[in-house]
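No lab work stands behind these numbers, since they all come straight from the coordinates. None of these values were measured; they are calculated from a predicted model. Neighbour counts run over all protein chains shown; Cβ positions are idealised from the backbone, glycine included.
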Amino acid sequence: MKLAHSVVDWFAKGRGAIALALIAGVLLFGCGEKQPSPSSAQSAESSPAQPSLPSQTQPPIAIKPVVVEPATVAPKEQNVTLIAVGDNLIHVGLIKAARTKDGYDFAPFYEEIRAIAQSADIAFINQETLISGKKFGYSGYPAFNGPVEIGKAIYDVGFRVINHATNHAMDKGKKALLATIDYWKTKEDAIVLGVHASQAERQKPKILEIKGAKFGFLAYTYGLNGIKLPKEAPYLVSLIDVKTMAKEIDELRALCDFLIVSMHWGEEYKHIPVKTQEKLAQFLADRKVDLVIGHHPHVLQTARWIERED
């Protein structure tokens with residue numbers, strides 16, 4: 001893969017390139033023509049019989065098959081572009097700014113990036129906060145929730161891969177998280193990462209096929225601001241746990257050509273990755289993850305290639 005841009009986190013080299021933000025992948029596909037079958041033999045015609053002369057036998061004609069070499073076709077080069085943005089964290093001031101007489105309109109917030117998002121083959125956004133609607137109360141720090149119109153705005157601008165595995169996923173409890181998940185189910189082509197309404201939904205592979213290549217997605221968060229997942233629903237949010245991650249990564253790796261993992265990690269407002277990020281990044285690279293999209297610090301961090309044995 002050739003990387004066009006990078007914005008925030010980690011890159012890894014080889015089959016498991018790890019990166020964040022704006023990339024372009026080059027996929028090679030080959031094709032060739034079938035080899036035609038040899039030309040059919042032509043039978044010789046014997047001359048008419050002559051009663052007054054002894055009969056003569058003609059020797060068989062030797063026929064050599066004609067072999068046509070297939071034409072050489074150069075591999076077809078195709079580009080796949082990905083953009084990744086975040087953190088899309090909606091404070092109360094932004095909710096008030098989006099108020100209209102009929103409800104809320106967040107579309108102007110994203111107008112400057114509309115053309116970029118819509119031009120990409122894959123547009124990823126880290127949706128930091130819940131969009132569970134008025135029923136659960138609109139609120140900002142420390143427990144966030146906003147109108148569903150936030151989801152409409154980011155969907156309309158072109159984002160189709162939405163991460164919700166963040167430390168704010170359980171800010172309003174299980175029912176509010178399920179309301180956010182239910183909203184995204186109204187968008188059939190949206191791929192929501194890191195939150196799940198059931199164990200079966202968690203186990204369902206998140207794969208996007210573009211130009212003949214399969215892109216697989218997983219997402220994890222470091223925690224939930226001290227909130228514990230319900231005992232009856234540990235599947236609700238994908239937490240960082242290397243044992244669980246190894247199993248899920250290995251299963252999805254076998255089903256896709258390019259594996260992308262979204263990681264909500266690190267420390268807020270630190271421009272340099274901390275040691276836990278470095279260790280996790282190497283772990284992801286060693287498990288053949290191709291790209292890591294990192295978020296949570298709310299600032300840009302360095303982007304790097306990470307080497308592994310293969």
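Structure notes:
- If R0 is 25 Å, the Cβ-Cβ spacing of Ala213 and Lys187 corresponds to a FRET efficiency of close to 0.65.
- Residues Leu177, Leu224, arranged from fewest to most other Cβ atoms within 10 angstrom of their Cβ, appear as Leu224, Leu177.
- When each of Thr276, Thr166, Thr129 is scored by the number of other beta-carbon atoms lying within 10 Å, the sequence from fewest to most is Thr276, Thr129, Thr166.
- Here the label points at Lys228 and Ala115, each 7 Å from Cα along the C-beta direction, are separated by 5.3 nm in the simple model.
- Test item: Cα-centred dipole of the range 177-310, Lys/Arg +1 and Asp/Glu -1 on Cβ, debye: 180
- Of the Cα atoms belonging to the range 186-229, the radius of gyration and Dmax stand at 13.2, 42 Å.
- Checking every one of the GluC sites (Glu not before Pro) in the range 217-257 against DSSP loop status and a limit of 13 other Cβ atoms within 10 Å picks out Glu232.
- Least to most buried among Lys152, Lys228 (fewest other Cβ within 10 Å first): Lys228, Lys152
- For the range 213-220, the Karplus equation 6.51 cos²θ - 1.76 cosθ + 1.60, evaluated at θ = phi - 60°, returns couplings of 10, 9, 10, x, 10, 9, 8, 8 Hz by residue, with Gly and Pro reported as x.
- Amide hydrogen neighbours beyond the local backbone of Arg308, cut-off 5 Å, H modeled: Lys13
- The share of C-alpha pairs in the range 224-310 whose separation exceeds 18 Å stands at 50 percent.
- Neighbour-limited loop hits for GluC sites (Glu not before Pro), the range 269-310 (at most 14 other Cβ within 10 Å; DSSP other than H, G, I, E, B): Glu307, Glu309
- Theoretical gain in end-to-end length, Tyr138 to Leu94 [0.36 nm per residue, Cα-Cα removed]: 14.7 nm
- Note on the range 95-121 and the range 124-156: Cα centroid distance 13 Å, given to the nearest whole angstrom.
- Shape call, the range 121-275: gyration tensor on alpha carbons, a/c limit 1.5: rounded
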